[in-house]
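Enquirer: To start, I am sharing the structure in question, which I have written as structure tokens.
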Amino acid sequence: DLLACGVTVLEYPLGLLHTKSMAVDGEIALVGSANMDRRSLELNYENNLLITDRAVTQTIRERQLGYASVSHPVDAREVQAWPYHRRLLQNAIGMMSPVL
């Protein structure tokens, strides 16, 4: 769905990358444990930290760019070429995401 909407999706090849961070316009950063889903926001009491320091935001952005530099873009054709068992697993996980 994201690819169909024109979102760039990068796959990080060096293991699990579970970071949740966002840098905005070099001025604001958001870092924390919350996923952007109902469970994280309403049930798990997870938190994010809003940072308004330019130097810290720049450091976070540099880290993000480092992750991106070793990642590869995923395109819709690649996803469509995934083996059946991988697509089935991805869809099953997606269906269970509200309770995970």
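The values are calculated or read from the model by the stated rules, or taken from the named source; none is laboratory data. Source: prediction; values computed, not measured. For neighbour counting, all protein chains shown are included, and Cβ atoms are generated from backbone atoms with ideal geometry for every residue, glycine included.
Enquirer: Filter the range 1-17 down to the residues that are touching a residue at least 60 places away in the same chain (Cβ under 8 Å) and either in a helix (DSSP H, G or I) or of a type outside the set (A, V, I, L, M, F, W, C) (or both) and list them by number. Steps first, answer last, please.
Expert: So the first thing to find is which residues in the range 1-17 are touching a residue at least 60 places away in the same chain (Cβ under 8 Å), and the list is 3-4, 8-11.
Within the range 1-17, LEU3, ALA4, THR8, GLU11 meet the criteria.
Enquirer: Looking at (1) over 17 Å from the mean Cα position of the chain (by Cα); (2) at pLDDT 85 or above, which is the one condition that is false for GLY66?
Expert: With (1) over 17 Å from the mean Cα position of the chain (by Cα); (2) at pLDDT 85 or above applied to GLY66, the lone miss is (1).
Enquirer: Here's another thing I want to ask about it. Can you tell me which of ALA23, ALA34, ALA29 is closer than 26 Å to GLY94 by Cα and of a type in the set (Gly, Ala, Ser)? Write out each step before concluding.
Expert: Working: ALA23 fails: closer than 26 Å to GLY94 by Cα; ALA29 fails: closer than 26 Å to GLY94 by Cα.
That would be ALA34, the only listed residue that is closer than 26 Å to GLY94 by Cα and of a type in the set (Gly, Ala, Ser).
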